[in-house]
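Visitor: Please find one structure pasted underneath; my questions will follow.
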Amino acid sequence: MPRKNRPHPHAWVAEPLQDDISYMEKKMFGCLACYYRGKMVLVLADQLRRPWRGVLLPTSREFQPSLIRDFPVLKSHPVLGKWLYLPDDLEEFEETASSLVEAIQRGDERLGIEPKERKKTKPRKKAKAAPRGF
């Protein structure tokens, strides 16, 4: 069933962040990217199969070992290798997702990435029309 009018099944994960004025959501590759205090902090995924079912955590590779130590059910995402992944079929999914959001709210520097500025494209020049009468 298309998800046009129904909420994302993992929307509850980001609810504690939504009271902050900086919070916003954007669709991204069939997922829902969540931004908090200027950083992309969560990507909620609800595709048919792993690794696109659960929560993706934008982070840098340098932070992965310490995050996995603190949250042992996290895995390196097999496609987006610098991000971590929390599959939604784990018994610990809800508890871990809630703990991660609490860490985001506390300002854990390991969680989230600054969005890259999009390069401005130069406007295309219009083709000159051929002079009339020739």
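Taken together, the values in this text are just the output of simple stated rules run on the coordinates, not laboratory data. No experiment lies behind these values; they were computed from the predicted model shown. As a convention, Cβ positions derive from the backbone with ideal geometry for all residues, glycine included, and neighbour counts pool all protein chains shown.
Visitor: Which value, to two decimals, describes the C-alpha radius of gyration of the range 1-121 once divided by 2.2 N^0.38 Å?
Guide: Output field value: 1.01.
Visitor: Loop-only check: which trypsin sites (Lys or Arg not before Pro) in the range 1-98 are DSSP coil with at most 10 other Cβ within 10 angstrom?
Guide: Lys4, Arg49
Visitor: Pop the C-beta distance of Ser99 and Asp46 into the FRET formula with R0 = 25 Å and round what comes out to the nearest 0.05.
Guide: Efficiency, from the Cβ-Cβ distance: 0.75.
Visitor: Just round it to a whole percent: the fraction of Cα-Cα distances in the range 19-78 exceeding 14 Å.
Guide: Within the range 19-78, distances greater than 14 Å cover 60 percent of Cα pairs.
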